[in-house]
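Everything below concerns the one structure shown next.
The values are calculated or read from the model by the stated rules, or taken from the named source; none is laboratory data. All values derive from a computational prediction rather than experimental measurement. In this analysis, Cβ positions are derived from the backbone assuming ideal geometry, glycine residues included, and neighbour counts consider all displayed protein chains. To get the accessible areas, we keep the full protein, side chains included, count just its heavy atoms, and leave off ligands, DNA and RNA. Shrake-Rupley method; radii C 1.70, N 1.55, O 1.52, S 1.80 Å.
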Amino acid sequence: MSEETTSSVVLDNRRYWEAMAPYRKGETVESLLSGTSVLNDHERAAVGDVRGRRVLQLACSVGDEALTFAQLGAHVTAVDLAPSHLATGRAKAEVLGLVVDFQEQDMMNLDQDVTGFDLVFISWGGLCWAPDIGAWARLVAQRLNPGGSLVVSEHHPLWEVLTVADQGQLSVSGDYFNSGRDGYADPLKAPEITRTLGVPDLPHRSFVWSIGSVVSAVLAAGLTVRSLQEFAEPDMYPGLGDGAGSLPATYLLTATNGRTQP
Ligand SMILES: C[S@@+](CC[C@H](N)C(=O)[O-])C[C@H]1O[C@@H](n2cnc3c(N)ncnc32)[C@H](O)[C@@H]1O
């Protein structure tokens, strides 16, 4: 990854994530060895049979999902900004006897040879680190083979901006339409390590991409949106009570590059 071509926002975010590395290890090797899939049922259905497919995971962190794709028989490239997270992923791959090509890359500025994929996957707090959703979607479209798929499985942007305040009242703590934010107004939206250990306390900037902005960016990049599902996850609105089941907490978008693969 070249520091010259990487934006200052991304470099700040890299320092932030790198500082989290000693505390963020993901699933244990034992758990992955026992066949635990870190992909949920919706994700498994969306990615389909990945055996023999070339899969690119963006913002892979310590690589649990990438390792799961490899366990399922895919040829996996997994990129992340933070070298220490990638090192954790590589160490797990070695113990598991799996091959994953972990690469230190800015997902906004991928090397030219990171291309030719049947599936691009991003999930759970990955997309919020893209400073420009239009540029991100264009880059993904360029790296997909004809007929290849994009699967985005993410926190819902409405969840990102809603906070359960005292006595189960909802308040608006972010701007659904104005994406950039420094830090987190609602601690629940910060990475788990930051919430539980208070680290790292370094500048970082993430982005709330509205559903409309994601769909529009994907369409403008020339991809065809195949599905957009929104899910309730009541546990993600702790303290809200029954109403939590009536709000979206996550979403899953699938899109393809032209014709669908057989
Ligand atoms: C919440 S984590 C990863 C989500 C992953 N699905 C998981 O559950 O482990 C966010 C990751 O995004 C990475 N990241 C942030 N900005 C990035 C960028 N511009 N390019 C690549 N990775 C980035 C961070 O280093 C961090 O590892």
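So the values come out like this:
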| quantity | calculated |
| --- | --- |
| Virtual spin-label span in nm between residue 33 and residue 15, 7 Å along Cα→Cβ | 3.9 |
| Size of charge dipole - the chain - debye, nearest 20, with Cβ of Lys, Arg +1 and Asp, Glu -1, no other charges | 580 |
| DSSP bridge pairs, the chain: antiparallel proportion in percent, nearest 5 | 50 |
| Over the chain, relative contact order from alpha-carbon pairs under 8 Å, at least 6 apart, % | 19 |
| Charge dipole magnitude, Cβ of K and R +1, D and E -1 - the stretch 174-221, Cα centre, debye nearest 20 | 80 |
| Sequence-distant residues sharing a close amide H with residue 179 (under 5 Å, placed H) | none |
| Neighbour net charge for residue 242 - beta-carbon separation under 15 angstrom, K R +1, D E -1 | -2 |
| Total formal charge among the other residues, if their Cβ is under 12 angstrom from that of residue 136, Lys/Arg +1 and Asp/Glu -1 | 0 |
| Net charge over other residues, Cβ less than 13 angstrom from the Cβ of residue 179 (K, R count +1; D, E count -1) | -2 |
| FRET efficiency, residue 172 to residue 132 (Cβ-Cβ, R0 25 Å, nearest 0.05) | 0.55 |
| Accessible area of the stretch 29-100 divided out per residue, in Å², using a probe of 1.4 angstrom | 41 |
| Surface share of carbon and sulfur [accessible, 1.4 angstrom probe, percent] for the stretch 58-103 | 55 |
| Net dipole in debye of the stretch 178-262 [+1 Lys, Arg Cβ; -1 Asp, Glu Cβ; about Cα centre; nearest 20] | 440 |
| HN-Hα J in Hz across the stretch 100-112 - Karplus 6.51, -1.76, 1.60, θ = phi - 60°, x for Gly and Pro | 10, 8, 7, 10, 7, 8, 7, 5, 8, 8, 5, 4, 4 |
| Computed label-point distance, nm, for sites residue 224 and residue 145 using a 7 Å Cα→Cβ extension | 1.8 |
| For the stretch 227-232, 3J(HN,Hα) per residue [Karplus equation, 6.51 cos²θ - 1.76 cosθ + 1.60, θ = phi - 60°, Hz, x = Gly/Pro] | 7, 9, 10, 10, 10, 7 |
| Cα gyration tensor, the stretch 8-256 - rounded (a/c under 1.5), prolate or oblate | rounded |
| Cα→Cβ-extended label distance, 7 Å offset, between residue 45 and residue 124, nm | 1.9 |
